[in-house]
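Input: a single structure, listed below in structure tokens.
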Amino acid sequence: MEIFTNYPLKSLNTFGINVDGKYFAQVASLEEIREGLAFAQQKKVPVMLLGGGSNILFTKDYNGLILKIGDRNMEQIAETSEHVLVKVGAGMNWDDFVAICVEKGWGGLENLSLIPGNVGASPIQNIGAYGVEIKDHFESLEYYHFEQNLIQSFFAKDCSFGYRDSIFKRKLKGKGVILSVTYKLDKKPVFNTSYGTIKEALEKMSVGELSLQAMRQAVINIRRSKLPDPNEIGNAGSFFKNPEVPKSFHDHLKNQFPNLVAFKLDNGNYKLAAGWLIDQCEWKGYREGDAGIHAKQALVLVNYAHASGQDILALSEKVMKSVKAKFGVEMEREVNVV
Ligand SMILES: Cc1cc2nc3c(=O)[nH]c(=O)nc-3n(C[C@H](O)[C@H](O)[C@H](O)COP(=O)(O)OP(=O)(O)OC[C@H]3O[C@@H](n4cnc5c(N)ncnc54)[C@H](O)[C@@H]3O)c2cc1C
């Protein structure tokens, strides 16, 4: 395994932030991960894991060892009349995996088409889109705990999955590495068209009979029309989470702002549309140097070319302050700031 020094990370994060990692290695097996950990211990530097770099904002050079996870193995490990269990290496590109599932006729993940990043990070924030979250089809994962030097299996009940959240973003942040994830997929797909935009996209495509391919294509069409492509403009998708507030606070806001966009949750609370809140503070299309708020999607912060991570972070602070001042709502970043 080769360990590089002062390694450029610009092409390895979708924001396109120009920083270096003091040390960098690509690791494809547990042996290589252990080798990397021993190296970092010897150099007395921290370790950071990197997947597709699509949920990270680097604000400075990383003064430690970056391990980019490369295992792309995929294996069908069980089958019943209803389901297949598929175990996938953490380094497999997420959308490549979804495409294979669709091709094989395995249902469940098609609404999550075109989400950037790798399989290993998919449980970390319980990725979700168009009415589906990975927790709905998650079976288990293999986790290597650094300090305990032990591989553990985690089932859904162990992961504390929530909205863009899990135990791996909280108690276990930085404590270990997700080596592989096993998904439970439907042999008889159940299509989730609950999101209005999906129905519209399917109508536009004049689809006669629903299929996994049609669902995937509808999602791809919507995403391409709404979200900036990181290959063209640096970004990490939604920068903020949609804030959850109690009903009483929602009602109070709704009184003041009758157009408030919010969704009722099963627990009685409301999820406020962060994009709407930001838009009301008139940030859409704002640009400060090369850092900006996307013109079509207020939730997406962008790097037009040479913005630093500090520029993007400073802009996100301003956005959060203005939302707090206008609505009294505290927003939380979805992106991992490093
Ligand atoms: C254009 C765009 C659209 C997006 N749309 C969505 C969306 O619709 N829904 C959604 O949920 N997200 C979305 N995202 C966010 C992002 O794609 C997901 O969060 C994705 O899962 C991140 O994967 P990654 O491999 O790039 O993780 P990275 O950004 O590389 O890492 C994210 C975090 O996970 C850690 N990590 C990575 N791999 C491992 C591992 N194997 N073990 C332990 N820790 C690890 C990293 O250290 C870091 O803290 C979008 C991003 C972009 C750029």
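Here, each number is a calculation from the coordinates, and none is a lab measurement. Note that the structure is a prediction, hence the values are computed from the model and not measured. When we count neighbours, we look across all protein chains shown, and the Cβ atoms used for this are built from the backbone with ideal geometry, even at glycine.
In region 49-95, one over the average inverse separation of all distinct C-alpha pairs is 13.2 Å, which is the Kirkwood hydrodynamic radius. Rg then Dmax, both in Å and based on the Cα atoms of the chain: 20.5, 62. When the charge dipole of the chain is built from unit charges on Cβ atoms (+1 for Lys and Arg, -1 for Asp and Glu) and taken about the Cα centre, the candidate among Ile278, His83, Asn13 whose Cα reaches farthest toward its positive end is Ile278. All other residues whose Cβ lies under 15 angstrom from that of Leu37 are scored, Lys and Arg at +1 and Asp and Glu at -1, for a net of +1. Within the chain, DSSP assigns beta bridges of which about 80% are antiparallel (rounded to the nearest 5). Scanning the chain for GluC sites (Glu not before Pro) in DSSP loops with at most 13 neighbouring Cβ atoms within 10 Å leaves 3-81 as the longest stretch between them. In whole Å, what is the distance between the alpha-carbon centres of region 56-99 and region 169-196? With region 56-99 and region 169-196 each reduced to a Cα centre, they are spaced 11 Å. Here the dipole of region 144-200 is about 80 debye; that uses its Cα centre as origin and unit charges on the Cβ of Lys and Arg (positive) and Asp and Glu (negative). Simple point charges give the picture: +1 on the Cβ of Lys and Arg, -1 on the Cβ of Asp and Glu, and for the chain a dipole about the Cα centre of about 840 debye.
Reducing region 246-310 and region 28-42 to their Cα centroids gives an inter-centroid distance of 41 Å. Quick note on region 4-69: its Rg to Rh ratio, both from C-alpha atoms and Rh being the Kirkwood radius, is 0.95. Cross-link pairs exceeding 20 Å between alpha carbons, from the set Lys87/Lys157; Lys135/Lys254; Lys171/Lys247: Lys135/Lys254; Lys171/Lys247. Near Leu114: Cβ cut-off under 12 Å, other residues only, Lys/Arg at +1 and Asp/Glu at -1. The net charge is 0. Each helix, a run of at least 4 DSSP H residues, gives -39500 (n - 2.57); summed and divided by the residues of the chain, these come to -8000 deg cm²/dmol at 222 nm.
Computed from the C-beta positions of Val45 and Glu282 and an R0 of 41 Å, the FRET efficiency is 0.40 to the nearest 0.05. For the residue pairs Lys68/Lys226; Lys10/Lys226; Lys60/Lys173, the C-alpha atoms sit more than 27 angstrom apart in Lys68/Lys226.
Count Lys and Arg as plus one, Asp and Glu as minus one, and take only other residues whose Cβ is under 15 Å from that of Lys226; the net charge is then +1.
Normalised by the number of residues in region 234-337, the average gap of Cα pairs under 8 Å and 6 or more apart makes the relative contact order 32 percent.
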